[in-house]
Every structure is written in structure tokens, then in C-alpha cells.
Amino acid sequence: MGAPAATVRPLDVRFPAAAPAPTPASPEAQLAELARLTGYRLDTLGPGVVRLTADLGAHGYAVLVATGEAGLQSAAWKEAADFRLLLTAESERPAGVPRLTREALSALIDHAHLAPLSAVDLRGYWKAGSVDLESAASVAELVGAHLAQRGAFSAVLLSLAQHPAHSVVSAQRLAERLGSAVTPAELGAILDTLTRAPFLALSPLPGGGYLLRAGVPELLLELAEYAEGVRRRLRVPAGQGREAVRA
């Protein structure tokens with residue numbers, strides 16, 4: 001009597017959720033946090049008025065945000081900008097001026113902590129007129145897509161980690177093991193990425209197979225060392241180091 005067939009268990013690609021970062025208390029601090037995370041330059045133009053500037057050359061733009069109704073009466077509100085919004089509560093609907101709700105601002109900050117968001121991603125939301133929780137839900141879909149792509153890449157690496165170094169890996173077998181966690185198109189794109197620098201993890205073989213050049217833990221360690229080596233060679237912009245010392 002032969003040995004019982006091995007049971008193929010579904011691959012668990014879940015990761016522990018990171019602890020949420022504390023949300024800044026004041027509106028100005030929240031806007032500064034959003035600017036830091038998404039690449040805007042923030043300037044305080046006067047009491048109750050800040051400007052978010054996207055320094056993107058031909059694609060650049062500026063957003064004026066009044067943190068209260070008093071800011072609408074200040075001279076700073078007349079400064080040049082592409083978009084203007086009043087910071088309000090979600091329940092408030094001011095007449096004559098687009099709004100950015102405090103709830104949406106908090107949600108945008110949370111989303112930007114989870115996945116990269118840029119001023120390019122957010123321009124359409126400012127242009128639409130008002131940014132509220134409905135707009136933030138749309139941003140959440142964008143962030144979800146980023147996280148799904150990252151999860152698919154992680155799923156493939158975890159599956160490859162079950163193979164020893166210098167072994168032949170079948171793309172078809174990988175697809176069967178991954179199941180619905182990764183689509184065939186995603187799998188093909190990820191495997192192609194892993195054949196190229198800086199990964200060089202796989203070598204394509206005729207017939208749809210790949211040679212796994214080293215164990216996944218070793219490959220990741222080499223990649224981390226490569227990234228650290230590049231980081232060390234980066235030059236600190238003039239003046240930045242002195243600011244860090246004073247801080």
C-alpha cells in the first residue's frame with residue numbers, strides 16, 4: 001500500500017497589521033504630516049492659511065487651505081494658487097468655497113502611511129472641488145491596489161522560498177500553489193521582474209521553467225546589503241547635515 005498523497009495547503013500570505021501612527025492633533029500639524037508623506041512643500045502664509053506646493057515642474061500646482069473661516073478674510077487667502085479649500089467638519093457644507101473635511105484629512109494621512117501617495121495622485125481630488133470621506137474612500141481603493149500588488153509579490157517570494165537553491169521552478173506549479181492569490185498575468189510580470197537586476201533571482205529556462213539561483217532568504221539578504229551599500233553612497237544635500245546636528 002502506497003504512502004498517502006500529500007495535502008497541499010493554501011499559502012497564507014497575510015502579514016501582521018502595522019500599528020497605526022498617531023494622528024497629529026492640530027490642523028496645521030495634520031497638514032504638515034500630509035505634506036511630508038506625499039511630497040508637498042508646506043508654507044504658512046498667515047494666521048489660518050497654509051499652502052501646499054507640489055514642486056513638479058510643468059506638472060506643479062499649489063493648494064491653499066484655510067484652517068478656519070477667519071482665514072477666508074485674511075490677505076493670505078488672496079495669494080496665488082490653483083486650488084482653494086476650507087477645512088471643515090464632515091457635517092459642514094460651506095457655501096461658495098470647496099471644502100476639505102477634517103475626517104478626510106485624517107483618512108488621507110492614514111492611507112499615506114500604508115502605501116506611497118504623491119501629489120500627482122492627489123491632484124485630481126483637489127481639482128474635483130471638495131475632498132470629503134467619499135473622496136478619501138476613492139483614495140483607499142488606490143492604496144488597496146498598491147497593497148495588493150505588494151501582497152502578490154510577497155506571495156510569489158514565499159512560494160519560491162519553499163524551493164532549494166539551484167532548483168528548477170515550474171511557473172505552472174507556482175500558479176497552482178498560489179491559486180487565486182495571484183493572477184496569471186501578475187505571476188508572469190513578477191517572475192520577469194525577478195529575472196532582472198537588482199534581483200537576478202531567476203534564470204528563464206525553455207518550456208516555462210526557471211532556475212532559482214539561490215535560496216530566497218539569501219537573495220533577500222544580498223538585496224538588503226546592496227540597498228544599504230547604495231544608501232551609504234548617497235550624498236547628504238548641503239546644509240541638511242548641519243540642520244540635523246542642530247536638531
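The values are calculated or read from the model by the stated rules, or taken from the named source; none is laboratory data. Just so it is clear, the structure is predicted and the values come from calculations on it, not from any experiment. Cβ sites come from the backbone with ideal geometry, for glycine too, and all protein chains shown count toward neighbours. Each accessible area value is taken on the protein alone, full model and side chains, heavy atoms only, with ligands, DNA and RNA left out. Shrake-Rupley method; radii C 1.70, N 1.55, O 1.52, S 1.80 Å.
The table that follows gives values for the structure above.
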{"quantity": "Accessible heavy-atom area order of 44, 67, 88, highest first, probe of 1.4 Å", "calculated": "44, 67, 88"}
{"quantity": "Net charge contributed by nearby residues that have their C-beta within less than 14 Å of residue 205 (K/R +1, D/E -1)", "calculated": "+1"}
{"quantity": "Cα gyration tensor category, rounded, prolate or oblate, for the stretch 85-131 with a/c compared to 1.5", "calculated": "oblate"}
{"quantity": "Principal-axis tilt of helix 27-38 within the chain, Cα atoms, nearest 10 degrees", "calculated": "40 degrees"}
{"quantity": "Cα→Cβ-extended label distance, 7 Å offset, between residue 234 and residue 59, nm", "calculated": "2.0 nm"}
{"quantity": "Cα gyration tensor shape for the stretch 35-92, rounded if a/c is under 1.5, else prolate or oblate", "calculated": "prolate"}
{"quantity": "Per-residue [θ]222 nm for the chain (sum of -39500 (n - 2.57) over DSSP H runs n ≥ 4, rounded to 500)", "calculated": "-13500 deg cm²/dmol"}
{"quantity": "Carbon + sulfur, % of accessible area of the chain - ligands and nucleic acids excluded, 1.4 Å", "calculated": "57 percent"}
{"quantity": "Angle between the chain longest axis and helix 216-233 axis [Cα atoms, degrees, rounded to 10]", "calculated": "40 degrees"}
{"quantity": "Ordering of 127-135, 150-158, 102-110, 221-229 by burial proxy (mean other Cβ atoms within 10 Å per residue, highest first)", "calculated": "102-110, 150-158, 127-135, 221-229"}
{"quantity": "Local electrostatic count, residue 139, Cβ distance below 11 Å [Lys/Arg +1, Asp/Glu -1]", "calculated": "-4"}
